[in-house]
Amino acid sequence: MNDDESAFVRVADRSTLVADGQMVVNPGRAIALFHRDGTAYAVDNRCPHMGFPLSQGTIDDGILTCHWHHARFELAEGDTFDI
Ligand code: FES
């Protein structure tokens, strides 16, 4: 294994993610995976505000919105607009 390989952990089959559009995996903590417009994204499934499962949030135009208090996260970078 080289250094590049050690930085990644296989957690899911890409074809399943593409077919389902999203899934939650748990390689030690819950991670929400999303597939949108040909790209896979991974975010902590726990909203940093009060823990709502972000896999149940809404995605619109690359922005993931938490349903509890409407915090918004940019999927591509993981940045938040609100917290
Ligand atoms: S739990 Fe997500 S915004 Fe409050």
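The values are calculated or read from the model by the stated rules, or taken from the named source; none is laboratory data. Since the model is a prediction, treat every value here as computed from it, not as a measurement. In this analysis, Cβ positions are derived from the backbone assuming ideal geometry, glycine residues included, and neighbour counts consider all displayed protein chains. Please note that ligands, DNA and RNA were not included when accessible areas were found on the heavy atoms of the full protein model with its side chains. Shrake-Rupley method; radii C 1.70, N 1.55, O 1.52, S 1.80 Å.
Things to note:
- Among the residues of the range 24-65, the one identified as within 11 Å of the ligand (Cβ to nearest atom), surrounded by 15 or more Cβ atoms within 10 Å (Cβ to Cβ) and polar (S, T, N, Q) is T65.
- Residue check for H35: of a type outside the set (D, E) and more than 14 Å from the chain's Cα centre (by Cα): no
Quick grid of which residues meet (1) under 19 Å from I83 (Cα atoms); (2) touching a strand residue (DSSP E or B) at 6+ places or on another chain (Cβ under 7 Å):
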| site | (1), (2) |
| --- | --- |
| A7 | no, no |
| A12 | no, yes |
| Q22 | no, yes |
| I31 | no, yes |
| F34 | no, yes |
| G38 | no, no |
| V43 | yes, yes |
| H49 | yes, no |
| S55 | yes, yes |
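- Failed condition for S6, given (1) within 16 Å of the ligand (Cβ to nearest atom); (2) modelled with pLDDT under 95; (3) open to solvent by less than 80 Å² (accessible area, probe 1.4 Å): (1)
- Scan of the range 66-83 for residues that are on the phi > 0 side of the Ramachandran plot and either near the ligand (Cβ under 9 Å from one of its atoms) or in contact with a Pro (Cβ under 9 Å, 6 or more places away or on another chain) (or both), ordered by number: H70
- Looking across the range 66-83, just one residue is open to solvent by 80 Å² or more (accessible area, probe 1.4 Å) and within 22 Å of A12 (Cβ to Cβ), and that is E77.
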